[in-house]
Amino acid sequence: MSKKTIVCILLFVFGVQAQQSDWPTASAKSVGLDAKALSQFDSEIAAGKFGNVDGLTIVRRGKLVFDRRYEHDYAKIYGEDAKKESPLNAGDISGPYNYYNSWWHPWYQRGELHSLQSVSKTITSIIFGVARKRGDIPEIDTPVLKYFDESKLRNVDDRKRRMTIRHLLTMSAGLDWNEGLPYSDPNNTGTQMEASPDWVEYTINRPMANEPGSTFAYNSGATQILAHVFRVATGMDIEEYAVRNLFGPLGIKHFFWKRSPSGLVDAEGGVYMRPRDVAKLWQLFLNGGKWNGAQIVSPEWVKDSVSPHMDLGPNAKYGLKWWLYPYGKDNKFTAWSGNGFGGQFPIVLPEYDIVFVVTAWNVTGPTLRPRDSIPRIVGMVVDGPK
């Protein structure tokens, strides 16, 4: 039996290793999870059944049960693509927006911080929730153009004047935007934004296509506008604010946050973090906004965030930058999730008191998806929902 196999067995039997002491730890069995089913899922991930999955982290009842990294040689996997100019490198072969460059993706400088991509949008929403509780930003039904000089904008009409912060949070801004194409397609509006020198200017100057609040249209630029709104409203960069009022209280000391070309924080996809620290943010919401007895986010914000504001069909709803996935018999339960390019998704299963985080880097090809992973995690539970 190899040393690696022995370590994996110890993880299942006794819980995660002592070096991960920033979380209280427990064995799978002690929190009502089937260690054999967990081992099977782990083996399938390690064998590459779901593509390039980089990590699986599981928390139950506030205890870290499983936290494993799966190694892949991304310099070899995407090395040739990294050298070629394409829509997936924004014209910068060596920079942080070359999604094939293994120095930047998926692990920041090949270390322990994983790119979260659009999970960053959900984290931005959480920071807005912190700021609302502290009274540092206005009500989210405030018009967005309050934070711009309208005389310097293009394509301003009454619909754009009716666009609010809430519309940005619910992907219903009404702007003319098509991010439904593959990001490798130069016609993808999100790809065009990342190739522009000023993402906020590019986005806010787009013409309107719909009445704000009427239509869901996934829009990365909307989150970048939120970063601008936050800076104008608070006088503080959203990253610094997060360190003081969110990451700090949760004990999140290790992260990296990319900047857009204009210098504004990349709120739509720039966060890198250890998966077990991402789990803290999702555990915060499972705790109703509390951490170690302190109310970091109000219960009202948590409830509003994970309430369905936009109906995307039978398989998904959308809250305040939270993806909501019905699951279980007759879809009677709802999972709260982030979702990022390449296969990033942290998920809360509130009915089972579980948080789990999947990280991956499947730039092309299949990947493990939330609706595939949720039944696998639920299938490990031996004591049923609470």
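The values are calculated or read from the model by the stated rules, or taken from the named source; none is laboratory data. Keep in mind that what you see is a predicted model, and the values were worked out from it rather than measured. Cβ atoms come from the backbone with ideal geometry, glycine included; neighbour counts cover every protein chain shown.
Observations
- 3 or more residues among the charged types (D, E, K, R) and touching a strand residue (DSSP E or B) at 6+ places or on another chain (Cβ under 9 Å): qualifying helices (runs of 4 or more DSSP H) within the stretch 145-208: 158-162
- Residue in the stretch 225-235 that is without any contact (Cβ under 8 Å) to a residue 12 or more places away in the chain and more than 20 Å from ASP141 (Cβ to Cβ) present: yes
- Qualifying residue in the stretch 289-308 (condition: among the β-branched types (Val, Ile, Thr), over 30 Å from TRP107 (Cβ atoms) and either modelled with pLDDT of 95 or more or out of contact with any Phe, Trp or Tyr (no Cβ under 7 Å at 6 or more places or on another chain) (or both)): yes
- Scope the stretch 57-82; condition among the basic types (Lys, Arg) and surrounded by 13 or more Cβ atoms within 10 Å (Cβ to Cβ); matching residues: ARG60, ARG61, LYS63, ARG68, ARG69
- Whichever residue in the stretch 288-309 is buried (at least 18 other Cβ atoms within 10 Å of the Cβ) and either in contact (Cβ under 8 Å) with a residue 60 or more places away in the chain or of a type in the set (A, V, I, L, M) (or both) and, among such residues, is farthest from LYS258 (Cα to Cα): HIS309
- Pairing each residue of the stretch 330-346 that is within 21 Å of GLY288 (Cα to Cα) with any residue that is of a type in the set (A, V, I, L, M, F, W, C) and at pLDDT below 95, provided the two are 6+ apart or on different chains, yields C-beta distances under 9 Å for PHE345/LEU368.
- The requirement of being closer than 22 Å to SER102 by Cβ and polar (S, T, N, Q) is fulfilled somewhere in the stretch 42-53, by at least one residue.
- Checklist (1) closer than 26 Å to GLY263 by Cα; (2) surrounded by fewer than 18 Cβ atoms within 10 Å (Cβ to Cβ) applied to PRO24, failing item: (1)
- Sole exception among (1) touching a residue at least 60 places away in the same chain (Cβ under 8 Å); (2) buried (at least 16 other Cβ atoms within 10 Å of the Cβ); (3) touching a Leu at 6+ places or on another chain (Cβ under 6 Å) for VAL200, by number: (3)
- Verdict on GLU71 being under 22 Å from HIS254 (Cα atoms), of a type in the set (D, E, K, R) and either at pLDDT below 95 or out of contact with any Pro (no Cβ under 6 Å at 6 or more places or on another chain) (or both): yes
- Checking the stretch 178-197 against the condition returns no match, with no residue being under 18 Å from ASP157 (Cβ atoms) and at pLDDT 95 or above.
- Sole exception among (1) assigned to a strand (DSSP E or B); (2) of a type in the set (A, V, I, L, M); (3) buried (at least 23 other Cβ atoms within 10 Å of the Cβ) for ALA279, by number: (1)
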